[in-house]
Amino acid sequence: MTTTQEIIASHEQHMIVNLPRYPIAVVRGQGSLLLDAEGKEYVDLFAGFGAPILGHCHPDLVAAVTEQAKKLWHVGNLLHTEPQTLAAQAITRHGFGGRVFFCHSGADANEAAIKLTRLYGKAHPGKTDPAQGGRYKVISATRSFHGRSFATMGATGQPAVREGFAPLLPGYVNVEYNSLPAIQAELDDLAVAVIVEPIQGEGGVILPDDSYLPALRKLCDQHDLLLIFDEVWTGCGRTGRYFGHQHWPVTPDIMTLGKGVGGGLPVGAMVAGPRAAEYFDYRTANLVKHATTLGNNCLSMAVTAAIFQVIERDNLLQKARDLGTHALGRLQALAAQNPAVKSVRGKGLFLGIELNPDAPNAPFKAAGDVVQKCLDRGLLINAAQKVVLRLAPALTITQKELDRGLDILEAVLRG
């Protein structure tokens, strides 16, 4: 298979077509540039849905996985290994402490977090009957995204994700994001946890008011609720902080990671503070409550540890803030001149551009039209909620590469 058409034809024959794909076959990547089978180059301003946080084939990550591959790949989860210990140390050192459970993806991490809330709710039943399972209700936000597994579909506040899979597991309610009264209205004897994204990703890069997360922390403390921050999108430096919630003076009980924490390899992580972590401890539970076979494999863990080393060594948090400010300035200047661009928002290198397809002479009918036109011109971006463009380039992108991509985007938005 050497051409795009040959690769696509084989894909159509041998793979389940579970989602639409662009008619492009990528064969090579370096940094923020991709090359397809015909040699066309693309500027990648979406970095594999946020996973290659350091770009494609970062030399330090290539070295980390290559060196580890010569030593040890996987030994199961009953033996200690240095790579997973180093990865856990990095996460807790740059985060809020706590203890780490490694798994395969962000959805797996959220699944583990939800299971942990069930154990907590049984140990702290409140006014409920412990024999009936104690507290188990999880409150999440509309337009949120926490995964597609059966435990996480209920928390995901997007009906399309759940369509066709009823009956779902009980114990979930979705309320308006950025609204404390909406959460207060759902507080009852069964409520045990609140899960939110510090910045909503699939919802369209939605930022909360500065008072929201601190008020949510206070509310959870008052009602003995576990506060879970889903940092699958916002973790590992994406927003200019190691973790998105660090933009506000708030500490969660549980934090979940995916995407960037593996740099493109399948890694998820759930981090739990002492209030919750003990309920997964086999020593106090007298049996194993949750586990995974491949979540702590040495290759992935070596890469995860290296990611944090590179972010710190190369001062990539500051770079994300600086380039994010630069991109926001350019896009906000465009919005001021172009009624087809409704607003621009974001933090660091996680940006959302809300469009107004109904504006006079708008050169598009939906965000997807803009994505396709950019793709034709050699730029990869993403659409969410039909009217929002999302940019999430690698932290290693250069300003020249970023401006090259923004030049294409601005030209398309101007028509």
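Quick rundown of the values:
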| quantity | calculated |
| --- | --- |
| Segment 117-157: number of residues that are of a type outside the set (A, V, I, L, M) and without any contact (Cβ under 8 Å) to a residue 12 or more places away in the chain | 4 |
| Cross-chain or 6+ apart pairs with Cβ under 7 Å, segment 211-240 first and at pLDDT 95 or above, then among the basic types (Lys, Arg) | 227/217; 232/259; 233/259; 239/347; 240/321; 240/347 |
| Residue ID - nearest to residue 290 (Cα to Cα), chosen from residues in segment 56-101 that are over 23 Å from the mean Cα position of the chain (by Cα) and of a type in the set (Lys, Arg) | 71 |
| Filter result for residue 204 (in contact with a strand residue (DSSP E or B) (Cβ under 9 Å, 6 or more places away or on another chain) and surrounded by fewer than 24 Cβ atoms within 10 Å (Cβ to Cβ)) | yes |
| Residue match in segment 3-22 (condition: among the basic types (Lys, Arg), touching a residue at least 24 places away in the same chain (Cβ under 8 Å) and under 24 Å from residue 370 (Cα atoms)) | no |
| All positions within segment 210-254 that are within 19 Å of residue 320 (Cβ to Cβ) and not in a loop (DSSP other than H, G, I, E, B) | 229, 244, 245, 246, 247 |
| Selection status of residue 411, part of a helix (DSSP H, G or I) and either touching a residue at least 40 places away in the same chain (Cβ under 8 Å) or among the hydrophobic types (A, V, I, L, M, F, W, C) (or both) | yes |
| Selection from segment 108-167 of residues that are of a type in the set (S, T, N, Q), in a helix (DSSP H, G or I) and at pLDDT 95 or above | 110, 117, 152 |
| Looking only at segment 180-197, and only at residues there that are in contact (Cβ under 8 Å) with a residue 60 or more places away in the chain and β-branched (Val, Ile, Thr), the one that is farthest from residue 157 (Cα to Cα) | 192 |
| Segment 228-274, residues that are surrounded by fewer than 24 Cβ atoms within 10 Å (Cβ to Cβ) and over 21 Å from residue 315 (Cα atoms) | 249, 250, 251, 265, 266, 273, 274 |
| Set 200, 246: member being touching a residue at least 40 places away in the same chain (Cβ under 8 Å), under 30 Å from residue 396 (Cα atoms) and not basic (Lys, Arg) | 200 |
| Only one of 333, 320, 277 that is under 17 Å from residue 397 (Cα atoms), out of contact with any helix residue (DSSP H, G or I) (no Cβ under 7 Å at 6 or more places or on another chain) and either buried (at least 24 other Cβ atoms within 10 Å of the Cβ) or among the small types (Gly, Ala, Ser) (or both) | 320 |
| Pick from segment 388-402, criterion in contact (Cβ under 8 Å) with a residue 12 or more places away in the chain and surrounded by fewer than 19 Cβ atoms within 10 Å (Cβ to Cβ), ranking: nearest to residue 263 (Cα to Cα) | 398 |
| All positions within segment 158-179 that are touching a residue at least 24 places away in the same chain (Cβ under 8 Å) and either buried (at least 16 other Cβ atoms within 10 Å of the Cβ) or among the aromatic types (Phe, Trp, Tyr) (or both) | 158, 171, 172, 173, 174, 175, 177, 178 |
| Any hit, segment 80-93, residues being over 18 Å from residue 260 (Cβ atoms), touching a residue at least 60 places away in the same chain (Cβ under 8 Å), surrounded by 14 or more Cβ atoms within 10 Å (Cβ to Cβ) and in the same structural domain as residue 193 (by TED's automatic domain parsing) | yes |
| Flag if residue 41 is among the acidic types (Asp, Glu) and surrounded by fewer than 13 Cβ atoms within 10 Å (Cβ to Cβ) | yes |
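Conditions tested, residue by residue: (1) out of contact with any strand residue (DSSP E or B) (no Cβ under 8 Å at 6 or more places or on another chain); (2) of a type in the set (Phe, Trp, Tyr); (3) not assigned by TED's automatic domain parsing to the domain that holds residue 291.
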site: 101; (1), (2), (3): no, yes, no
site: 107; (1), (2), (3): no, no, no
site: 129; (1), (2), (3): yes, no, no
site: 137; (1), (2), (3): no, no, no
site: 141; (1), (2), (3): no, no, no
site: 151; (1), (2), (3): yes, no, no
site: 175; (1), (2), (3): no, no, no
site: 179; (1), (2), (3): yes, no, no
site: 185; (1), (2), (3): no, no, no
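The values are calculated or read from the model by the stated rules, or taken from the named source; none is laboratory data. Small disclaimer: the values here were computed from a predicted structure and weren't measured. Glycine gets a Cβ as well: all are built from the backbone with ideal geometry, and neighbour counts include every protein chain shown.
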